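Worksheet: the structure to be examined is printed underneath.
The values are calculated or read from the model by the stated rules, or taken from the named source; none is laboratory data. None of these values were measured; they are calculated from a predicted model. Here the Cβ positions follow ideal geometry from the backbone for every residue, glycine too, while neighbour counts run over all protein chains shown.
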Amino acid sequence: MYTTAKGDEIFVIDGHTHFWDGSPANQKNIHGKQFIECFYAYHSNLSPPSEKWEKEKFEKYDAKTMFDDLFVQGYDDMAILQPTYLTDFYKNGFNTTERNAAMKKSHPDRFILNGAFDPRDGSKGLEDLHALSENYKLKGVKLYTAEWRGESKGYKLSDKPSYQYLEAAQKLGIKNIHVHKGPTIIPLNRDAFDVADIDDVATSFQDLNFIVEHCGLPRLDDFCWIATQETNVYAGLAVALPFIHTRPGYFAHVISELLFWIGPDKILFGSDYGIWTPKWLIDKFMAFEIPADITKETGSVLSLETKTKILGLNAARLYGIDVEAQKRKIRAGGGYAHLPEAVHAPR
Amino acid sequence: MAMNALSATDTAAPDWPVADRQAELWACLSTVSDPELDESVVELNFVTKAEVDPGNRVHIEFRLPTYWCAANFSFLMADDMRRAVSQLDWVKGVSIRLGEHMFADQINAGLAQGLSFQETFGNEADGSLDELRQGFLVKAFQRRQVALLHHLLAAGQPPDSIVGLTLAELSTLPFDADGETLLRRYLERRHVVGPMRPDASAFIDAEGARLSADGLPRYLTALRRVGVNAEFNSALCRGLLSVRFDLDTPFVPDAKAAPVAAQAVAATRPATSAQLSQG
C-alpha cells in the first residue's frame with residue numbers, strides 16, 4: 001500500500017515478479033550463465049547505486065527476502081508471479097510455476113499465480129495446461145514466443161498450434177495472456193520478438209486480454225500502433241519504468257506515448273522483481289510528472305488518478321480482484337502491521 | 001589474439017603510412033549503422049578492433065550489448081561493415097569477428113566463408129536480411145525526416161512551403177550547423193522511399209506520397225513514436241554495453257581521436273580486449 005502525503009491510499013498490484021534460481025548450481029550450460037548475467041546487467045545498469053545487489057543474492061534469493069522486498073519494504077499489496085521455464089538453460093528450470101506455487105501457498109492473499117504453456121509441446125502440453133489450471137486455478141499465463149525448444153528458436157501466436165492452446169485457455173477461464181515481447185531473450189529472427197502476431201490473436205480472441213510485457217520494447221512504436229487498434233491489448237511497464245531513474249527524460253517520452261496511444265486504463269505496473277524492487281520504482285513513479293514541453297506535445301498527464309490505475313486498479317480489473325475486500329483480508333492477516341496506525345487499524 | 005599494429009607500421013610502404021589507412025578504415029566503419037538504432041557502430045562502441053595488416057587485409061572485431069542480441073541484426077551489421085570496407089580500393093581482404101555472442105561461432109564461420117545469413121543459419125532463419133534491412137532503413141528515414149521537419153517548423157518555415165519543396169530547393173535553404181547535420185542525415189536516407197531527382201518532392205512519406213500541409217501535424221504525431229522507440233533502445237543498448245564491458249569512460253578509438261601519433265600503438269582498446277578474452 002502506498003499512502004500519499006494527503007493520506008490517499010493506493011492499492012498496488014505488481015504485475016510482474018519472479019522467484020527464480022539462476023545460481024551456478026542450477027545452470028545447465030553457458031546459456032544459463034549468460035542469461036542471469038544479462039539480467040544482472042539490466043539490474044546494475046538501471047538501479048540507483050543504493051539498490052544494487054551482490055551478484056550472489058541476485059542469482060538466487062530466498063522466499064523471505066522476496067516477501068520483504070515486495071510487501072514490507074516495498075509498497076506492493078499483491079504481486080503476480082510470472083513463470084519463466086528456460087529448461088534448456090537450467091536444470092530445474094529458471095522460475096517455474098511449481099517453484100512460484102510455494103510462494104503462493106505461504107501467502108495466498110498476496111500472490112496471483114500464473115502458469116505458462118508452449119504450443120510446441122503438442123497434445124501432451126495441452127494436457128499439462130489442463131492439469132496446471134486445475135491445480136492452481138489459473139487466471140493468467142506468461143508466454144515467451146522467443147524461447148528455445150530443442151531445434152526451434154521460437155514461435156508465433158498466430159501459428160496454428162498457438163490457436164489450439166489459446167482456445168483451451170479460453171475454455172479453462174485463463175483470460176490474461178502475458179506475452180514477453182521484450183529485449184534480449186534470444187531472438188534469432190525478427191519474427192520471434194515482433195509484435196505483429198499480437199494483432200492477429202487479439203482480433204481472433206476478443207475476450208482474452210493480451211498484456212504485452214515491456215510494452216513491446218524494443219518495438220514500442222509497432223506496439224503502440226497495434227494496441228491502439230485492439231481494445232484487449234495492454235502494456236506492461238516492466239523494464240520501461242526503471243528508466244525513470246537513469247533516463248527520466250526518455251521515460252517521460254515513453255509513458256506519454258503510451259498514454260497518448262493506448263490511454264491510462266491499459267497500462268500495468270510491474271517491477272520485474274528480482275531485477276528491480278518496487279520500493280524505489282514506486283517512490284520515483286509517484287513523485288514523477290511529465291515535463292511541460294512533452295505534455296504540450298502529447299497532451300499526456302500523469303495525474304494521481306492515472307497513477308492509481310497503473311499501479312493497481314487496471315490489474316485488479318483484469319484479475320477480478322475486489323480491492324476493498326482484498327485490503328480487508330490482508331489487514332486481517334496482519335499484512336499492514338508495519339504501516340502507520342491510520343492504515344492498518346481496523347475500520 | 002590481438003595483432004600488433006606496430007609491426008604493421010614497420011612493414012608498410014613509407015609513402016603510404018599504415019596510419020592513413022587505419023584512419024580511413026575507422027572513418028569507413030563510422031558510416032555503418034546499427035540498423036535498429038540508426039547510429040554508427042563506432043559511435044556505439046561496438047567496434048573493438050580495426051586493423052590493417054601488411055598485406056592490406058583488414059581485421060575487424062566487434063561486440064554487442066548482450067550475449068543475446070538478435071543474430072540477424074548481428075549478421076547484418078557484420079555484412080554492412082564488410083560491404084563498406086570492401087569499397088576501399090586498397091583493401092585486399094576483410095575478416096570480421098563477433099565476440100562473446102551466443103551465435104558467435106556460427107556467425108563467424110558464416111562470415112569467414114562469405115555465406116549469407118540464410119546459408120549460415122539454414123532452417124532456423126526465415127526471411128532474408130534484405131527485407132529486414134529495408135524495414136529498418138524506412139524507420140531510419142522516418143526518424144530523420146521528423147527531426148528535419150521539426151527543425152524547419154521551429155525555424156519558422158510555414159507548413160505549406162515546406163511540403164512544396166523539391167529536393168533541389170531544400171538543399172538551397174539556409175541552415176545553421178544543427179540544421180546542416182539534420183539535412184545531411186535526411187538526404188542520406190531519402191533514397192529509401194523514392195528517387196532522388198532534383199525536381200522530386202523533398203518530403204514524401206514511406207509510400208512515396210507527397211506530404212500535405214494540413215496533414216502535417218498528424219503525420220508528425222504518428223511518427224513521433226518511431227523516434228521515441230529508437231532513442232529508448234539506444235539508451236538501453238549503451239547502458240547494457242557499458243555494464244557488460246565495464247566501460248567507465250566513453251571508448252574513443254585512438255585512430256579516430258588522434259590521426260597520427262597514438263593510433264599505431266593500439267587501435268584495440270587494451271582493457272576491453274582483456275575482458276573479451278576472459279569470456
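For the reader, a short list of remarks on this structure follows.
- Subset of the stretch A:69-86 (residues that are more than 13 Å from chain B (Cβ to nearest Cβ), of a type outside the set (S, T, N, Q) and more than 16 Å from A:LEU281 (Cβ to Cβ)): A:LEU81, A:PRO83, A:TYR85
- With respect to the conditions (1) more than 9 Å from every other protein chain (Cβ to nearest Cβ); (2) out of contact with any His (no Cβ under 8 Å at 6 or more places or on another chain), B:LEU220 lacks only one, and its number is (2).
- Residue under evaluation A:PHE288, criteria (1) buried (at least 19 other Cβ atoms within 10 Å of the Cβ); (2) of a type in the set (Phe, Trp, Tyr); (3) within 30 Å of B:TYR219 (Cβ to Cβ), criterion not met: (1)
- Annotation: B:ASP246 fulfils all but one of (1) at pLDDT below 85; (2) within 30 Å of B:ALA19 (Cβ to Cβ); (3) in a helix (DSSP H, G or I); (4) within 14 Å of chain A (Cβ to nearest Cβ); the unmet one is (3).
- Cβ-Cβ under 6 Å pairs, at least 6 apart or on other chains, the stretch A:121-136 side free of Cβ contacts under 8 Å to residues at least 40 places away in the same chain, far side among the aliphatic types (A, V, I, L, M) and buried (at least 17 other Cβ atoms within 10 Å of the Cβ): A:TYR136/A:LEU113
- Test: residue in the stretch A:46-60 that is more than 14 Å from chain B (Cβ to nearest Cβ), assigned to a strand (DSSP E or B) and either crowded, with 19+ Cβ neighbours inside 10 Å or free of Cβ contacts under 8 Å to residues at least 40 places away in the same chain (or both): no
- Being free of Cβ contacts under 8 Å to residues at least 40 places away in the same chain, among the aliphatic types (A, V, I, L, M), surrounded by 14 or more Cβ atoms within 10 Å (Cβ to Cβ) and under 27 Å from B:ARG197 (Cα atoms) is a description that does not apply to B:LEU111.
- Exactly one residue among B:GLN87, B:GLN118, B:GLN134, B:GLN142 is surrounded by fewer than 18 Cβ atoms within 10 Å (Cβ to Cβ), polar (S, T, N, Q), within 14 Å of chain A (Cβ to nearest Cβ) and touching a residue at least 40 places away in the same chain (Cβ under 8 Å), and that residue is B:GLN134.
- Filtered by the rule that a residue be within 14 Å of chain B (Cβ to nearest Cβ) and either more than 26 Å from B:SER234 (Cα to Cα) or crowded, with 24+ Cβ neighbours inside 10 Å (or both), the stretch A:196-216 gives A:VAL212, A:HIS214, A:CYS215, A:GLY216.
- Among the residues making up the stretch B:177-194, those that are touching a residue at least 12 places away in the same chain (Cβ under 8 Å) and either over 22 Å from A:GLU297 (Cα atoms) or among the acidic types (Asp, Glu) (or both) are B:ASP178, B:LEU183, B:ARG185, B:TYR186, B:LEU187, B:GLU188, B:ARG189, B:ARG190, B:VAL192, B:VAL193, B:GLY194.
- Of all residues making up the stretch B:64-84, the number that are facing chain A (nearest Cβ under 8 Å) and of a type in the set (A, V, I, L, M, F, W, C): 4
- Yes/no for B:LEU44 being assigned to a helix (DSSP H, G or I) and either within 15 Å of the chain's Cα centre (by Cα) or at pLDDT 95 or above (or both): no
- Hey, A:ALA63 surrounded by fewer than 23 Cβ atoms within 10 Å (Cβ to Cβ), small (Gly, Ala, Ser), away from chain B (no Cβ under 14 Å) and more than 22 Å from the chain's Cα centre (by Cα) or not: no
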